[in-house]
Amino acid sequence: EGNIISTLSVDVVLDSVSIVDTITNFLLKAGIIFIPFFDGINYFPYLIFSYIGTVVSLEDNFFATLNSIIFSGGSFCYIAKNIKCNINLSTYFRTQSEDFAQFERTLLIVNDFSSVIYTEGCSAPIFLESQLHVALVEILIKNKGTLNYSTVQNWYRGDQSGEGGLYNFTTKRGWCLKNACLNWVQIEMGSAIT
């Protein structure tokens, strides 16, 4: 029987920079990696490069290619085999600056017989200038793994004359292996274009 973990972990990303991530060391000891994406590249390059691009390839679409070339941070989550993680792993992406483009990337790997809850939030304030959001999310759930994935995005639509607003071009995809389960809830509000 797998280990059971119960608590909360949050990664806050402001203008593509992770400014807060909580209980990382505790999670690592329990077989859970939940860290900013660039920390994942530095500390776990073998995991990142084994999985990146396996669910959404570089050639998938123009925006996936753009994100793959110049992504600016994000979150990496890896749940080891047989871990029942009752913790809500959460990432909040905030595009805070005017005339700004955010290119975050999220990579979620759930191993055999493991489960986790992941919640993502995205928002931006109201500006007269437009903003750009080009995100990429890859989810891989291995045999008999379970992921409850939810995201709430609240973007500024722009005013009636077409000024401002956020242009949201996101590629998200999940891949379930044998008997895996992905429960996906996505709520998107606002944005000039999605």
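The values are calculated or read from the model by the stated rules, or taken from the named source; none is laboratory data. Small disclaimer: the values here were computed from a predicted structure and weren't measured. Ideal geometry is used to build each Cβ from the backbone, glycine not excepted, and the neighbour counts take in all protein chains shown.
Structure notes:
- Matching entry among Ser115, Ser97 (being under 25 Å from Cys181 (Cα atoms) and either among the small types (Gly, Ala, Ser) or at pLDDT below 95 (or both)): Ser115
- Within the stretch 163-194, being surrounded by fewer than 16 Cβ atoms within 10 Å (Cβ to Cβ) and either free of Cβ contacts under 8 Å to residues at least 24 places away in the same chain or assigned to a strand (DSSP E or B) (or both) holds for Arg173, Trp175, Cys181, Asn183, Trp184, Val185, Gln186, Ile187, Glu188, Met189, Ile193.
- Of residues in the stretch 118-154 being aliphatic (A, V, I, L, M) and at pLDDT 95 or above, the one nearest to Ala192 (Cα to Cα): Leu136
- Within the stretch 176-191, the only residue that satisfies the criterion of being of a type in the set (Gly, Ala, Ser) and modelled with pLDDT of 95 or more is Ala180.
- Filtered residues of the stretch 1-46 (kept if closer than 23 Å to Arg173 by Cβ, touching a Leu at 6+ places or on another chain (Cβ under 9 Å) and modelled with pLDDT of 75 or more): Ile32, Ile33, Phe34, Ile35, Phe37, Gly40
- For the stretch 172-187, the condition of being among the polar types (S, T, N, Q) and either touching a Pro at 6+ places or on another chain (Cβ under 6 Å) or within 24 Å of Asp99 (Cα to Cα) (or both) holds for none of the residues.
- Hits in the stretch 167-194 (condition: of a type outside the set (S, T, N, Q) and touching a Gly at 6+ places or on another chain (Cβ under 7 Å)): Ala180, Leu182, Trp184, Ala192
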